[in-house]
1. Return the ratio Rg/(2.2 N^0.38 Å) for the range 206-348, where Rg is computed over Cα atoms only.
2. Provide the per-residue ³J(HN,Hα) series for the range 202-208, in order, calculated from phi with Karplus coefficients 6.51, -1.76, 1.60 and θ = phi - 60°, each as a whole number of Hz, with x at glycine and proline positions.
3. Work out, in µm²/s and without decimals, the Stokes-Einstein translational diffusion coefficient of the range 22-61 at 10 °C, 1.306 mPa s, Rh from Kirkwood over C-alpha pairs.
4. With the Cα gyration tensor of the range 146-195 in hand, convert its eigenvalues to equivalent ellipsoid semi-axes via √(5λ) and list them largest first in whole Å.
5. Determine, at each q value in 0.11, 0.14, 0.20 (inverse angstroms), the log₁₀ of I(q)/I(0) that the Debye formula gives when each Cα of the range 263-336 is one equal point scatterer.
6. In a Debye calculation with equal point scatterers on the alpha-carbon sites of the range 169-276 and no solvent, what is log10 I(q)/I(0) at q = 0.13, 0.16, 0.21 Å⁻¹?
7. For the range 114-191, what is the Kirkwood hydrodynamic radius in Å, using each pair of distinct C-alpha atoms?
8. With θ set to phi - 60°, apply the Karplus curve 6.51 cos²θ - 1.76 cosθ + 1.60 along the range 46-61 and write out the HN-Hα couplings as whole Hz, x wherever there is a Gly or Pro.
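Read the figures in this text as sums done on the coordinates, not as results from a lab. Keep in mind that this is a model prediction, so the values were computed, not measured. With ideal geometry, Cβ positions are generated from the backbone for all residues, glycine too; neighbour counts draw on all protein chains shown.
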Amino acid sequence: MEETSTVLAQELPNLPREIIFEILLRLPVKSLSKFRSVSKSWLSLLSSPLFNKTHVNFSLNNPKMSDYRLAVVASVSKLGRICNIYNIGFGKDSFFNVVKHGNPAKYLSLSAKILGSCNGLICLTSDKFTLMLFNPCTGNFNVFPDSMLKDNSGGCYVRYGFGYDVSNEDYKVVKIFSFPKTEGRYENMVKVYSLKAKSWSIIEGFNSGNINGKLGVFVNGALHWEACYSYCSSDSWAIVTLDLAEMKYGKIALPSYEDEGIYWTLGVSRGYLVACCNYEPKRADIWVMKEYGVEKSWTKLVTISLPLDRRDYVSPLFVTENGDEVLLQLGAELTRYNSRNASFKRLDDFMSGDFRQVQVITYLETLASPHI
């Protein structure tokens, strides 16, 4: 890489700056990090907000399989809570390439939890009642205060979401306080943290069923939570949405499902909204919304027959375009499912040990800054 950097440093200065900009835009993030030391002009270019913003947009619009990663926070029974982040690349020759990544562990509490990911940034709980935005690729992070209600004597459930408001170029953290009312109904109070304003604000709340999704899934400028309005009737599940630019709530219907014991989980893969219908305890259907907001575009990619000895819900993490391979979380395990031969393969190479309370989220490698 040093030899390549030297060659580029000798050849590129003779090119127009806009051509250099376009060439660097297409290089891997790790290469860009090393190229910052090539020259002062390159350091200035690669550190500029314009290049970082353009690189994020380019990466999102031209995703490569090798740029996808997973962040994992887990606890080990004999070692206690560990807060490590692992990168798992999706390569051509090997579907999973495992690389352990360091993180600012001193800023993470023993109860650290992942709250969401967007544009290559991961939002986590930190220490001393704070939250953190972290770019695992660059190592940059930003710690800011969390928020609670002044009067929470009645008790409530808390749900989070993290995403990007493209209209205002602002990252936002959403915190929902759900208060149970009548059977199956909840009154939700909502707070939003603006990274640009560096402050929390209260927005209009909403009523819903039980929001089962603890983390909002960010797709197409909106956050999505799965909600159940009645466990005793058909068509009782729906997706609650919040548009981060307009701050408007909405609802998306889930695909049709059989009237029996089910549990829905949501995910995002390659920029598409993914929904998994768990039919307890025998199987799970994985659906992808091919055209966002068009309910008729829900397409079932694969049906997974679950092992008889498993009672855990399937959470989809990554699905290939044709559904041949699925990376999923099954309880505290990360598993690769091959639909061609209906086989499961546990990722023992990096999930060694007795892991519990595992949280996993996908992200795309970018130069996104946790600061605005």
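1. Ratio of Rg to 2.2 N^0.38 Å for the range 206-348: 1.02.
2. After applying 6.51 cos²θ - 1.76 cosθ + 1.60, I find 9, 10, 4, x, 7, 9, 7 Hz.
3. Details: Rh = 10.2 Å.
It comes out at roughly 156 µm²/s.
4. Details: eigenvalues 129, 31, 9 Å².
Largest first, the range 146-195 gives 25, 13, 7 Å.
5. -0.24, -0.39, -0.78
6. For the range 169-276 at q = 0.13, 0.16, 0.21 Å⁻¹, log10 I(q)/I(0) is -0.50, -0.74, -1.18.
7. Hydrodynamic radius (Kirkwood, Cα only) of the range 114-191 equals 14.0 Å.
8. 6, 8, 6, x, 5, 5, 4, 5, 5, 5, 4, 4, 5, 5, 5, 7
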